[in-house]
Amino acid sequence: MLGGEMVREMVARRERGQGVKRIARELGVDRKTVKRWLKLGEWQPRQTQRRVRKLDRFAEFLKQRAPEVGWNGAVLYRELQAMGFTGGRLQVQRFLRPYREQRKWSELATVRFETGPGEQAQVDYGQLWVWIGAQWEKVHLFVFTLGYSRRLYSCGYQNERLATLIDGHERAFRWFGGVTLSCLYDNPRTLVLGRSENKVLWHPVFEDFASYYGFAPHACQPHRPRTKGKVESGVKYVKRNALAGRRFNSWDELNGWLERWSIEVADVRIHGTTHERPIDRFAREQLTPLGTRPPYRYQRVQMRQVANDALVTLGAARYSVPVEYVGKTVSVQENATHYEIFHHDRLIACHGKAARHSVVMEPAHYAGLLRAGGNPSPAAPPRFDPYFDGFGEVMVRDLKLYEAISQSEGGEAR
């Protein structure tokens, strides 16, 4: 097939008055070829007839079915054979190749999503090990990041339960003095119970909590955690900047340091994306004020029977109650940090949460039960012992009684 330049040369020579024979002779081309191109008047690509492939009539099925089976060529080939396909497996693999490539880069590529003032916060946990006192403790780091200003609030917990998550939100709302219109999460099992018809099924307690504060919870699409990259960057920042190489005497000291670090370091740094200090952008953040709204009251009520040692088992640890409640059924209200134990409507004990397998005993709960030496002490001494004459009393007897006893034993009276 002749190139475009050769055809344009033929047309130009014809316009200058040269004949077909001369053009063919001087350009070294067959006269029939010259005639055909001069008739077309310009170069055109060759029209080739596409060969019909055995897979063509299954193409639409493959496009629709492939995402449902994870682009698995072996599964698709087996299903196509059942539908009458007589080609080979490699034909199926070649058909899928461009779709797989497109899927690969579309999963890797993300579009930066910037939110306006007060529109969104992103919430996530990170885990790390920190020395607290003499213990090497696993800290579950709650991080709450405002999408517009990039101000963040962080707090360390011993777990990631629902009560802890709600407590972290409460602290963050009061730290910032308001609430965003929405919060974004990465499908934590404590919050997301599942999905139905592309709708997230939220834990009913958390759904009530969100309604109480007036924000809309949103969950990332499964396997797409990069859509909450702001808070993921925040988690890394807290780990590497605030807690690297640190040791604390207590959990309270750890969380006190995180708040101080937020004010003195995180809020006043120049952010790498916004090129502004978060505290300066926060002045333009438009949060919904909390007003006089009291904290959300989340309580998990459990029923327990008090054992003979005046202890109740809670969260793999044991906690004491006054001994007079042994054998009785009590109700336990759990919040993020404490257990409150009630008998009917009366609060009989309150304990801070302890580590698993701990035994927490309040000495006052056993008052009167144990003596200083540790031996059981009855309420009062026996009153009707026939052999007991009483302490501090001297029996008064007639002296003639002693004389008679002495003579009966062969002795002399003295």
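Between ARG97 and ARG195, take the C-beta separation as r, use R0 = 41 Å, and let me know the FRET efficiency to the nearest 0.05.
0.85
Could you give the length gained by full extension between LEU369 and GLN286, i.e. 0.36 nm per residue of separation minus their alpha carbon distance, to one decimal place?
Stretched fully, the LEU369-GLN286 segment lengthens by 23.9 nm.
Taking segment 300-366 as the region of interest, what is the percent of Cα-Cα pairs per 5 angstrom bin, listed from the shortest bin to the one with the maximum distance?
Bin by bin from 0 Å, the calculated values are 4, 20, 34, 29, 12, 2.
Where does each of 57-67, 164-174, 277-287 land if you order them by average Cβ count within 10 Å, highest first?
164-174, 277-287, 57-67
Using Cα pairs under 8 angstrom and six or more residues apart, how large is the relative contact order of segment 120-289, in percent? Don't skip to the end; give the middle numbers.
Working: 261 pairs, mean separation 50.0, N = 170.
Value for segment 120-289: 29 percent.
Here, each number is a calculation from the coordinates, and none is a lab measurement. What you see is a predicted model, and the numbers here were worked out from it, not measured in a lab. All Cβ positions, even for glycine, are placed from backbone atoms using ideal geometry, and neighbour counts span all protein chains on display.
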